[in-house]
Structure formats: C-alpha cells, structure tokens
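Notes follow the structure.
The values are calculated or read from the model by the stated rules, or taken from the named source; none is laboratory data. Note that the coordinates shown come from a computational prediction; the quantities given were computed from them, not determined experimentally. Virtual Cβ from ideal backbone geometry, glycine too; neighbours counted across all protein chains shown.
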Amino acid sequence: MLFWAEGDKCRDAVRLANSDPELLRLFIRFLRECYGAEDQRLSAVCNLFADHTARQREIENFWLDVLRLPPSRLRPSVVNVYSKYSQKKRKNKLPYGTCKVVYSDTRTVQSIYGAIQEYAGFDRPEWLG
C-alpha cells in the first residue's frame, strides 16, 4: 500500500521516496523478505537542501545505516538550492532530507502492480507490460 500511495510508477524498478526513516526501513524489509531483494539491485538517492551541504556525508551515512546498505549502493545525492523567494524559510524542517529507495527488478515491480490491482479490484493496464 505504501508503494501504491507514494511510489514512482515505472515498469523496471520499484522506487519509493520519503523523509521517514522507519517507513523506508519497513519498505526495504518488505522488498528483502517478500521478494528476496539483493543489495546489488538496491540503491539509495538522497535529496538534500542547501542547508544540508555541510552535513552531506553524515546524512548519506545516516540513510545507508537506516537501509542497511553498503556505501557502494549510494547514488549521487541531489542538492536543491534555494530560490531567491524561499531562501532560509525551509531551514531544519527535514533534518535528513528525503531518501529514495530504488530496487531495479522488472519482475518485482510487475508483481507488486499485479498484487495492488488484485487486492483493490481494479485494472490498470498501463502498469503491466
């Protein structure tokens, strides 16, 4: 259900981004326990804000710890800069930014799409390929 509500919908990977460490920890546990997700197909991408740049490595390591992933599975972080209209208004609202978990496996994403449709009782042909 988390993926249905919050996940990126694509055909070849399961992707879920959020700022809640426990939500992402649960999601990656689901992938590992229910789909046998292997580390070499899992990756993490941090989405940071300008006030995070001094702590970028600390934040990236925080997410790797939460997700129990080795450093090799971290993809380059995205750092959002402030616009001239919103400078400094966002400060400290998300102390660790957000993180996107990516599991690159077509079979898994198709299985999840099928399960959602079966459970919810609808057809969404564009999800299945």
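Structural remarks
- Some residue of segment 84-102 being charged (D, E, K, R) and either within 28 Å of ASP12 (Cα to Cα) or at pLDDT 90 or above (or both): yes
- Meets criteria (at pLDDT below 95 and either under 19 Å from ALA17 (Cα atoms) or not aliphatic (A, V, I, L, M) (or both)) for ASP65: no
- Just one of the listed residues (SER43, SER83) is part of a loop (DSSP other than H, G, I, E, B) and of a type in the set (S, T, N, Q), namely SER83.
- Checking each residue in segment 106-126 for being over 14 Å from ARG11 (Cβ atoms), among the small types (Gly, Ala, Ser) and surrounded by 12 or more Cβ atoms within 10 Å (Cβ to Cβ) picks out only ALA115.
- ALA13 vs. criteria farther than 15 Å from VAL101 by Cα, modelled with pLDDT under 95 and touching a Phe, Trp or Tyr at 6+ places or on another chain (Cβ under 7 Å): no
- Scope segment 112-123; condition more than 18 Å from the chain's Cα centre (by Cα) and either under 23 Å from ASP20 (Cβ atoms) or outside any loop (DSSP other than H, G, I, E, B) (or both); matching residues: GLY114, ALA115, ILE116, GLN117, GLU118, TYR119, ALA120
- Number of positions in segment 46-76 that are touching an Asp or Glu at 6+ places or on another chain (Cβ under 8 Å) and not in a helix (DSSP H, G or I): 4
- Of all residues in segment 1-40, those satisfying the criterion of being in contact (Cβ under 8 Å) with a residue 60 or more places away in the chain, part of a helix (DSSP H, G or I) and among the hydrophobic types (A, V, I, L, M, F, W, C) are PHE3, TRP4, LEU24, PHE27, ILE28, LEU31.
- Qualifying residue in segment 14-35 (condition: farther than 19 Å from LEU94 by Cβ and small (Gly, Ala, Ser)): no
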